[in-house]
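Notes for the one structure printed next.
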Amino acid sequence: MGKTKFSVIIPAHNEAQYIGKCLRGIGIAARAVAPDAVETIVVANRCTDKTREIAESLGARVLVNDDKCIAAIRNTGVRAAVGEIVVTVDADSVMGKEALTEIKEKLESGKFVGGGSNVKFDRMSFGIACSSLYVVLKLLPVMMKNGGLLSGAMFWCRKEDFDAIGGFDESLISLEDMDFAVRLQKLGKQRKQKYGTLKRKPLVTSARKFDTFGDWYLIKNRKLTKRIFTGRDRDAADLFYYDVR
């Protein structure tokens, strides 16, 4: 086996329903860049189901981090990674078959510092569309202040650049993804590199938050949404993220 080029990091809290599909999607994408060039690392977080067993049966390396902090969970995986390119993707999401190929092309061009992906939900409704637009509009002022709206959902960059910006900010218990995107973009600007977006095929992510809370929940509960967007409200983050299942 040659040197591992990619390390794909997957935070997972009781993801038995989704983790298999996520890992199989990575496996398909890996074939295009050579399977022995990709390692998958699942970071199990407070799992009480079969997440670990399923992940290991599909060839993933499983680590454990029981913090109620998604930034710390992601960082645990990246610290253990041996690939020169790191990719983080949630367990309820499936990358496109060309995702790793596109990442490789963008980074090897020297024009990109890293980036995110286009994304779509596995189901759509008018309520989900309106809620998604509401979230974008709430985040827009912060993003525009930092140089424009940035894609997310699946982050990718060279490991040395991940380390250079300090990884995900573990003082944040939500919105760590937006913060990471902003800091990665700033690093790119210093080098005259762009923050990229994978566009060939969107990442498909589950609409389970809407299934659980309702398609209009974020709009109907705007005070809670505002608290989540501070990135530091423990009660709000527990209610919407950490203690849901």
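Classify the range 69-133: rounded, prolate or oblate, from the alpha-carbon gyration tensor (a ≥ b ≥ c, eigenvalue square roots; a/c under 1.5 rounded; otherwise prolate if a/b is larger than b/c)? Could the numbers behind the result be given before it?
On the way: a/c = 2.37, a/b = 1.44, b/c = 1.64.
Note, shape of the range 69-133 comes out oblate.
Taking amide H positions as modeled 1.01 Å from N, with prolines and chain starts lacking one, the residues under 5 Å from Gly83 and 5 or more places away or on another chain are Ser7.
If you place +1 on the Cβ of every Lys and Arg and -1 on the Cβ of every Asp and Glu, how big does the dipole about the Cα centre of the range 10-168 come out, in debye to the nearest 20? All intermediate terms of the calculation are to be shown ahead of the outcome.
On the way: 20 positive and 19 negative charges, 79 e Å.
Around 380 debye, computed over the range 10-168.
Bridges between two residues of the chain, per DSSP, are antiparallel at a rate of about 30%. Distant-in-sequence amide contacts of Leu198, defined by a placed amide H-H separation under 5 Å and a gap of 5 or more residues or a different chain, comprise Gly116, Ser117, Asn118.
Taking neighbour Cβ counts within 10 Å as the exposure measure, how do Val38, Val142, Val86 sort from fewest upward? Could you put the intermediate results ahead of the total?
Details: Val38 22, Val142 14, Val86 25.
By the 10 Å Cβ count, ascending: Val142, Val38, Val86.
Each Lys and Arg adds +1 at its Cβ and each Asp and Glu adds -1 at its Cβ; summed about the Cα centre, the range 96-174 shows a dipole of about 320 debye. Rounded to the nearest whole Hz, the Karplus-based 3J(HN,Hα) values (6.51 cos²θ - 1.76 cosθ + 1.60, θ = phi - 60°) of the range 65-76 follow the sequence 9, 9, 5, 8, 7, 5, 4, 5, 5, 4, 4, 4, with x at glycine and proline.
Given 25 °C and 0.890 mPa s, how large is the Stokes-Einstein diffusion coefficient of the chain in µm²/s, with Rh as the Kirkwood radius over Cα pairs? Answer from the Stokes-Einstein relation: 135 µm²/s.
For n ≥ 4 DSSP H runs only, could you compute -39500 (n - 2.57) per run for the chain, divide by its residues and tell me the 222 nm figure to the nearest 500? Don't skip to the answer; put the middle values down first.
Values: 11 runs with 103 residues, N = 245.
When only DSSP H runs of four or more count, the value is -12000 deg cm²/dmol.
Candidates Ala129, Ile41, Gly114 compared by Cα position along the dipole of the range 6-242: farthest toward the positive end lies Ala129, with charges placed on Cβ.
When the pairs Lys106/Lys189; Lys159/Lys201; Lys21/Lys201; Lys138/Lys199; Lys68/Lys159; Lys68/Lys194 are compared against a 27 Å limit on Cα-Cα distance, Lys68/Lys194 fall above it.
Specify whether the C-alpha gyration tensor of the range 161-240 places it in the rounded, prolate or oblate class, a ≥ b ≥ c being the square roots of the eigenvalues: rounded for a/c under 1.5, otherwise prolate if a/b is larger than b/c and oblate if not. Provide the component values of the computation, followed by the final result.
Details: a/c = 2.73, a/b = 1.55, b/c = 1.76.
Verdict is oblate for the range 161-240.
Just report the Cα centroid separation between the range 145-212 and the range 49-103, whole Å. So the two Cα centres are separated by 15 Å.
Every read-out reported here was derived from the displayed coordinates using simple, explicitly stated rules and does not represent laboratory data. Keep in mind that this is a model prediction, so the values were computed, not measured. Note that each Cβ is placed from the backbone with ideal geometry, even for glycine, and that neighbours are counted across all protein chains shown.
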